[in-house]
Amino acid sequence: MRVDGIIILDPNGKPLITSNFAAHPPAYPAVHIDAYNHELARVRAEATAVSSSNGSSGGAAVAELDPVLWVNALGRTGTGAGAALCHLERDGLRYLVPLSDEVNPLFAFAFLESFLDTLREYLGEVTEVTVKDNFEIVYMLIEEMLDEGHPMTMEPSMLKEIVLPPSLMRKLLNVAGVSGLQSHTTAPYTAPIPWRRSAVRHANNEIYFDLVETLDAIADRRGNVIQSSVWGRVNVNSRLSGNPDLVLRFTNGKAMGDPAFHPCIRYSRWERDGALSFIPPDGKFKLVDYSAGEVSQLPVSLKAKMTVDDNGGRFALTLTPRVTARPIEDIVVSIFLGSTTTSISATPAGDRRPLGLGRAQQQQEGAVDGHVGGGTAEFDPHTQILRWTISSLVASERPPTLTGSFVSSSRPTPDPSFNVAFSISNYSFSGMRVDQLKVAGDVIAPDCRAAHRPTKET
């Protein structure tokens, strides 16, 4: 399977980088760019018309755009032909992948996600500025990851052997006129293990496993779960010398459903006894993605009351934690108050305590400044979204509340649902934890340490 190429657009729909579409006419990428921008403008115009007629939000216009568009494009021979156009939007940038052959669109989206993970590995935050500042790096990554439309070198550790990451030394080399490609003496393609370079050396042997689980759920006004799904990922940071051969086992490993493994995993061993046997890449990589079923109860409960009149309305929110073992952090409650809302007046309330301290520690130290309390409330007049932010919440303190009112130029139509985001460190919905790690093979240094950091996000 192959894709035609990749196109990166800035927030205004103008091309930043376009790969080489050697098998197509020169106008081929421009046709897809125009088709995408035209369809996006059409969907936004329809959303604006609906917003003006019933007062709803037009902010979901991009989300309503079909993920795969049909484009009447020129074929390889210059005659009329059609092509599918897969697209994603991340941090304001738009990524387009045309498909002129019979290819499953999921193949294109999987490549895009891998490409974006690689860009984050190289650039950190992937924005218009970072892409422009590192244009040469991004273009060379595209050329190495796509060989005439076929995904080729996808492993970040191998790519770093070919394309130097951005650094002060690289900038000095560019000023001196030296290419950013690595010397051919590294011979990355001759390594006996495709995802691990030869002769890896570290001062200390250590490996870290980070379990991250994400919960997507819909609950009714009483806090009862209507629908939920848990997705997990095992991230690894390996700094082991030589060619180590690892066997990893989890507690409650049966909770790992629909696993998507890194190519280093020996799938036959996983099918036989549920153990993950592999020779790890060097550095950071994603070991496995999985689903972990559903939940019957959410870690937090939000009770909300809202009344609406002709010129605005009033609201009262109460947030109650249901997890006693761990603090809930980085809580953000958001709601769209209607396109005609102009301002709000809100008062958060809650226990006053220093950041990171529970009520018992607060009473012992008698500190009240720098408190968490009821958090902060902010209203964005451009998006008409109210955000209530709380840095930390523990079960032993009084549930925080947010009460207030909002003003509207006409009778508002608030969103009937609230969005609640939070994170809990060292918490797992599935109950999975690292149970056992065996290290064998060619490990050069005698000192070896392993660490497990389960985290949860939602």
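No value in this document is a laboratory result; all are computed from the given coordinates. It should be emphasised that the depicted structure is a prediction, and the values quoted were computed from it without experimental measurement. When we count neighbours, we look across all protein chains shown, and the Cβ atoms used for this are built from the backbone with ideal geometry, even at glycine.
Peptides 339-345, 413-419, 139-145: what's the order by average Cβ count within 10 Å, highest mean first?
Final packing ranking: 139-145, 339-345, 413-419.
Could you list log10 I(q)/I(0) for the stretch 250-361 at q = 0.15 Å⁻¹, which the Debye formula gives when each Cα is one point scatterer?
-0.90
Given H placed 1.01 Å from N in the peptide plane, which residues other than close sequence neighbours of Val300 have an amide H under 5 Å from its amide H?
Correct list: Arg322.
Using DSSP to define loop residues, name the trypsin sites (Lys or Arg not before Pro) in the stretch 186-275 whose beta-carbon has at most 16 other beta-carbon atoms within 10 Å.
Arg201, Arg221, Arg222, Arg266
What is the sum of charges, Lys and Arg at +1 and Asp and Glu at -1, for the other residues whose Cβ falls under 13 Å from the Cβ of Arg120?
Residues near Arg120 contribute -2 overall.
Grab the other residues whose beta carbon is less than 12 angstrom from that of Glu64, score K and R as +1, D and E as -1, and report the net.
-1
Roughly how many whole Å is it from the C-alpha centroid of the stretch 393-425 to that of the stretch 292-309?
The stretch 393-425 and the stretch 292-309 have Cα centres separated by 11 Å.
Got a sec to turn the phi values of the stretch 123-140 into Karplus ³J(HN,Hα) couplings, 6.51 cos²θ - 1.76 cosθ + 1.60 with θ = phi - 60°, whole Hz, x for Gly and Pro?
In residue order, the calculated couplings are 9, x, 7, 9, 10, 4, 5, 5, 5, 5, 5, 10, 4, 5, 5, 4, 5, 5 Hz.
Please report the net charge: other residues with Cβ closer than 12 Å to the Cβ of Ser277, K and R +1, D and E -1.
+2
Using the number of other C-beta atoms within 10 angstrom as an exposure proxy, rank Asp4, Asp273 with the fewest first.
Sorted ascending by nearby Cβ count, the order is Asp273, Asp4.
Label point 7 Å out from Val439 along Cα-to-Cβ: which residues of the stretch 231-249 have amide N under 17 Å?
From the stretch 231-249, the list is 236-249.
Taking every eigenvalue of the Cα gyration tensor of the stretch 208-302, multiplying by 5 and rooting it, what semi-axes result, largest first, whole Å?
32, 14, 9
Beyond a 21 Å Cα-Cα separation, which of these cross-linked pairs lie in this structure: Lys160/Lys284; Lys132/Lys286; Lys132/Lys284; Lys14/Lys160; Lys160/Lys286; Lys286/Lys438?
Lys132/Lys286; Lys132/Lys284; Lys14/Lys160
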